Amino acid sequence: MPADYGDWLTDIKSRVLAARQKAALVANAGLVLLYWHIGRDILERQVAQGWGSKVIDRLERDLREAFPEMKGFSIRNLKYMRAFAEAWSDFEIVQQAAAQFPWFHLCTLIDKVKIPQQREWYLQQAIAQAWSRTTLEIHIKNRLHERQGQAVTNFTARLPAPALAQETLKAPYLFDFLGLGEEAHERGK
């Protein structure tokens, strides 16, 4: 075995993992865009032709028959597709932001955030911070969008350097020193 074999193998494994991750992201974007287009088509046809839920039932059966290996064509998911296209009617936003997001993250936003500006804020934050779906749900439940940067303090009245005091509260080492544990770190981010 050559002396550098271990390093070479490590490099190849790293490239395989990176290629897999890239492929998964491309596949996710394709799936999200497909779901948006199906949802938009459902919306347009319901408006133009007065479709009801019976058409979604029929579409579910026909798509399951055509693509039996795919699980994404349930009645519930078709309704999510419709809601997704309704929530994000601008294809540019879908293409640029929402397509970076896993499908069930989008379903969480559709279910739990009804105000479009708040939904967009959570979408952008979750992408920027790489939130898991559980983290997204916790931040929505705790109404992070309302609390972000809104902490009430008396720093300006009581301290000579209020900006420094506010920055101190952001320091991760402070949480370690105080022994507050990982939960405080997560909330402080």
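Nothing in this text is a laboratory measurement; each read-out follows from the coordinates by a stated rule. As the structure is a prediction and not an experimental result, all values here were calculated from the model. Note that we place each Cβ from the backbone using ideal geometry, even for glycine, and neighbour counts take in every protein chain shown.
Where does the charge balance sit around Gln117 when Lys and Arg score +1, Asp and Glu -1, over other residues with C-beta under 14 Å from its C-beta?
Here the charged neighbours net out to 0.
For Gln129 and Asp4 in one chain, what is 0.36 nm times their gap in residues minus the Cα-Cα distance, to one decimal in nm?
Details: separation 125, 0.36 × 125 = 45.00 nm, distance 3.71 nm.
Using 0.36 nm per residue and subtracting the Cα-Cα distance, I get 41.3 nm.
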Seminar exercise, completed: For segment 113-119, in residue order, the Karplus 3J(HN,Hα) values (coefficients 6.51, -1.76, 1.60; θ = phi - 60°; whole Hz; Gly and Pro = x) are 10, 9, 8, x, 5, 5, 4
Exercise. What nm distance separates the two modelled labels at Lys71 and Gln100, each placed 7 Å from Cα along Cα→Cβ?
Worked result: 2.8 nm
Seminar exercise, completed: Contour minus Cα-Cα span, Ile12 to Ala24, at 0.36 nm per residue, comes to 2.5 nm
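Taking the Cα centre of segment 1-155 as the origin, how large is its charge dipole in debye, to the nearest 20, when only Lys and Arg (+1) and Asp and Glu (-1) carry charge on their Cβ atoms?
I would put it at about 480 debye.
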Exercise. So how do 105-112, 58-65, 13-20 stack up, highest first, on mean other-Cβ count within 10 Å?
Worked result: 105-112, 58-65, 13-20
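Quick one: net charge of Glu44's neighbours, Cβ under 13 Å, K/R +1, D/E -1? Can you show the working numbers first?
Numbers: positive: Arg40, Arg45, Arg82; negative: Asp41, Glu86.
Residues near Glu44 contribute +1 overall.
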Problem set entry | In nm, spacing of pseudo-spin labels at Gln117 and Lys79 (7 Å Cα→C-beta vector) | 3.0 nm
Problem set entry | Cross-link pairs Lys54/Lys114; Lys54/Lys79; Lys79/Lys114; Lys22/Lys79 - those with Cα-Cα distance over 23 Å | Lys54/Lys114; Lys22/Lys79
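Give me the net charge for the shell around Glu92: Cβ to Cβ below 15 angstrom, other residues only, Lys and Arg +1, Asp and Glu -1.
Details: positive: Arg40; negative: Asp90, Glu120.
Within the 15 Å Cβ shell, the charges total -1.
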